[in-house]
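Report on the structure given below.
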Amino acid sequence: MKSALCLLILCAFQLPLHAQTSPAQEAAAGAQALVQRLFTQEMSEEELLALGKEANKAGVPRQQIIEAKLVWGLRHQNTAFLSKILPEIEIMAGSFDSTNAAVLQNADAVKSFISYIKAVKAGEANDNAGFKQNILEAIWLNPQQAPVFMQAIEKFRLQAKMAEMVIDLKTPLTTSMGEATTLKDQLGGGKALLLDFWASWCGPCMSLMPALQKKAAALSPHGIVVAAMNKDDEKAEETAERIRQELNATMPWLVEPSERPYTNALEVASIPRMVLITPEGKVLFNGHPEDPALWTALKKLDPTIEAP
């Protein structure tokens, strides 16, 4: 979804901050700079809200602040935050001023994201009819953002399939050192297994390796076993072991058989991909490693779990 969001975001602000000669001009420049930061600066939710208050005091139009909140929520796929600000977005839709807009073109664009948020909420509640109704309305109102909305559909369909699936944890595997094992062996008495699918040719996979190691360290005290599953097509064990040694990784370092039993069963069409599996083989999460929904699923296993 993050790549598709570039359709909405974000070459909106190129601000020449020249020296100003009057207090009014300086104030206007300061407000513009705050707007630029709201849309382009990476920040936490707390930092966003604090910056929004600062922008409000500086005279930035309320509409632009709400737009910035919407963009932040979409960027971070933070359904809880989007749900929290939904009343603000609905008010904005009713009084939308295109001359004051930051990134949204018109009121229909705002309404489309209202429908999108409602669709995602319905999906999380397993309300199939509500999801379908709202996501189709979102596409109808804002066809330009169809790639964003289509990704939500694909994710919802995958989640529906995973909810009915039970994975065989006894399928034979090998470690990167050629030792025979299974996911059941690796899980042991743990609460769940977090499986990371990766390959040496996958740039995003390799860039996320430090984050994978942090997850393993953070989740181990909570009884969650984190394991890496290599998908290289040639010399998989040799390649996986070389990279394990380079990273000095201590977590389970596995190699998927060439028949790709888990890739096929879990519909791993793209990597990086993480899958959270219970000892019974139920799938609690299947998605991108940076999807906030992963931590939502982990917290259901143990509310004390925090992202590293």
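What follows draws every value from the coordinates through simple rules; no lab data is involved. What you see is a predicted model; the values in this text were computed from it and never measured. Cβ placement follows ideal geometry from the backbone for every residue including glycine, while neighbour counts extend to all protein chains displayed.
How would you classify the range 151-258 from its alpha-carbon gyration tensor, with a ≥ b ≥ c the square roots of the eigenvalues: rounded for a/c under 1.5, else prolate if a/b is greater than b/c, otherwise oblate?
Judged from the Cα gyration tensor, the range 151-258 comes out rounded (a/c under 1.5).
Obtain the nm distance between the two label points defined at A265 and Q151 by a simple spin-label model: each point lies 7 Å from its Cα along the Cα-to-C-beta direction.
Result: 2.8 nm between the two label points.
By how many nm would the segment from D168 to T40 lengthen if fully extended, with 0.36 nm per residue of separation less the alpha-carbon distance?
Separation in residues times 0.36 nm, less the Cα-Cα distance, equals 41.6 nm.
Scan around F285 for amide H atoms under 5 Å from its own, H built in the peptide plane at 1.01 Å from N, and keep only partners 5 or more places away or cross-chain.
L276
For the chain, what does the helix formula give at 222 nm: sum of -39500 (n - 2.57) over DSSP H segments with n ≥ 4, over the residue count, nearest 500 deg cm²/dmol?
That calculation yields -15500 deg cm²/dmol at 222 nm.
In whole angstrom, how far apart do the alpha carbon centroids of the range 157-179 and the range 82-116 sit?
About 41 Å separates the Cα centre of the range 157-179 from the one of the range 82-116.
Ranked highest first by average number of other Cβ atoms within 10 Å, how do 54-61, 31-38 line up?
Output ranking for 54-61, 31-38: 31-38, 54-61.
How far, in degrees from 0 to 90, does helix 146-163 lean away from the longest principal axis of the Cα atoms of the chain, to the nearest 10?
Around 40 degrees separate the two axes.
Take each of the peptides 148-155, 222-229, average the number of other beta-carbon atoms within 10 Å over its residues, and list them starting from the highest.
Highest mean packing first, the order is 222-229, 148-155.
Give the shape of the chain as rounded, prolate or oblate, defined through the alpha-carbon gyration tensor: a ≥ b ≥ c are the square roots of its eigenvalues, a/c under 1.5 means rounded, and otherwise the shape is prolate if a/b is larger than b/c and oblate if not.
Note, shape of the chain comes out prolate.
Report, to two decimal places, the Cα Rg of the range 227-299 normalised by 2.2 N^0.38 Å (N = number of residues).
So the Cα radius of gyration is 1.18 times the expected 2.2 N^0.38 Å.
Please work out the FRET efficiency for the pair N126 and E90, using the Cβ-Cβ distance as r and a Förster radius of 35 Å; give the result to the nearest 0.05.
For N126 and E90, the calculated efficiency is 0.90.
Please compare each pair in K57/K111; K215/K235; K121/K155; K155/K184 to a cut-off of 23 Å on the Cα-Cα distance and tell me which ones are over it.
In this structure, K57/K111; K215/K235; K155/K184 lie more than 23 Å apart at Cα.
Could you tell me the calculated FRET efficiency between Q105 and W295, based on Cβ-Cβ distance and R0 = 41 angstrom, to the nearest 0.05?
0.80
Taking 7 Å along the Cα-to-C-beta vector as the label spot, tell me the L247-Q32 distance in nanometres, rounded to one decimal.
Between L247 and Q32, the simple spin-label model gives 4.5 nm.
Sorted by average packing, counted as other Cβ atoms within 10 angstrom per residue and highest first, what order do 245-253, 73-81 take?
Listed from highest to lowest mean packing, they are 73-81, 245-253.
Label E280 and T181 with points 7 Å out from Cα along Cα→Cβ: what is the distance between them in nm?
Each label point is offset 7 Å from its Cα along the Cβ direction, giving 2.6 nm.
Report the full-extension gain for the segment H222 to W140: residue separation times 0.36 nm, less the Cα-Cα distance, to one decimal in nm.
Fully extending the segment from H222 to W140 adds 25.1 nm.
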